[in-house]
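The values are calculated or read from the model by the stated rules, or taken from the named source; none is laboratory data. Every value quoted in this text rests on a predicted model; they were computed, and no experiment measured them. Note that each Cβ is placed from the backbone with ideal geometry, even for glycine, and that neighbours are counted across all protein chains shown.
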Amino acid sequence: MDRRAFLSGFGTTAGMALATPTVLRASAPIRLGLTPVFLDNDAEVIARLKAALGQATGLEIELIQRRTYQEVTGLLLEGGADAAWLCGFPYLQHEDALSLLGVPVWRGAPLYQSYLITGAEFPAEGLADLRGGAHAFSDPDSNSGWLVTASDLARIGERPETFFGRTLFTYGHRNVVRAVAGGLTRSGSVDGYVWEALSAVEPELTARIRVIGRSEPLGFPPFVARRADVGTGIVASLRDALLGMDLDDKGRSALALLQLDAVVAGDVALFDGIRARMRDVAG
């Protein structure tokens, strides 16, 4: 049964009783869901993000990590988190229940690309040259780490499970890069933002790989919350903190570590390209 329909069945007295936890939540930590698919358990990033958002909201920030996008999305939808940093793909899958809080800006725009990568010594020039080989994806609910390649294949009448000789999910974009660099797979689908960040901090790793394909610019992984909670004080406070990160020292420090410029309000139209690719795969 729908939660709102369930609650509406109670009388006034029950409604007053149920209101009490909401009042108590006002002083509780803000719970933000994260996935290592994106942050890869980077302790320093997590610490700076907590510090920046905590200072801006005046509340404790609890960052809740889960292994997969499905787990983080489920946590958010079921009320186990107040907001989450998700990929555009699961956001659109649950668009009826979720609302944008903000979209990070990278290199001047709230956009990124999916990269198709292969080993530096493998003579491939594009997707067609990867037929029959092993391929690494990051997560089945990742736009850059699955959907882009799956939709590229759908457009030529192919599917990942039959086009590639073997596929695997690494549950981390860095792990995709490591799988290809280490020869575990011939190729991989990876977040271009993560790739570029790795190129800056681990050039010896990315030097063992070539980028042989780039998608069109697509909406950057957004911060989202349940539509029903967007007007609440906790979520509104978090939204304001995210949108103001570039305006104070702690926020700029966290953004710099993430190699991001700012977080902007964004618009659902940013994700039209992802929506089109979802239709291609469904079709």
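Quick look at the values:
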| read-out | value |
| --- | --- |
| Test: ARG210 is under 18 Å from ASN143 (Cα atoms), buried (at least 16 other Cβ atoms within 10 Å of the Cβ) and not hydrophobic (A, V, I, L, M, F, W, C) | no |
| Which numbered condition LEU101 fails, given (1) part of a loop (DSSP other than H, G, I, E, B); (2) within 23 Å of THR232 (Cα to Cα) | (1) |
| Cβ-Cβ under 6 Å pairs, at least 6 apart or on other chains, the stretch 252-266 side more than 18 Å from ARG239 (Cα to Cα) and outside the structural domain of ALA52 (by TED's automatic domain parsing), far side aliphatic (A, V, I, L, M) and buried (at least 18 other Cβ atoms within 10 Å of the Cβ) | none |
| The one condition in (1) at pLDDT 95 or above; (2) part of a helix (DSSP H, G or I); (3) out of contact with any Cys (no Cβ under 9 Å at 6 or more places or on another chain); (4) not assigned by TED's automatic domain parsing to the domain that holds PHE164 that GLU204 fails to fulfil | (4) |
| LEU184 vs. criteria part of a loop (DSSP other than H, G, I, E, B), aliphatic (A, V, I, L, M) and over 20 Å from TRP106 (Cβ atoms) | yes |
| Selection status of GLY251, in contact with a strand residue (DSSP E or B) (Cβ under 6 Å, 6 or more places away or on another chain), of a type outside the set (Asp, Glu) and either assigned to a helix (DSSP H, G or I) or modelled with pLDDT of 95 or more (or both) | no |
| Neighbours by Cβ (under 7 Å, 6+ apart or cross-chain): first from the stretch 96-109, in contact (Cβ under 8 Å) with a residue 60 or more places away in the chain; second in a strand (DSSP E or B) and basic (Lys, Arg) | ALA97/ARG226; LEU98/ARG226 |
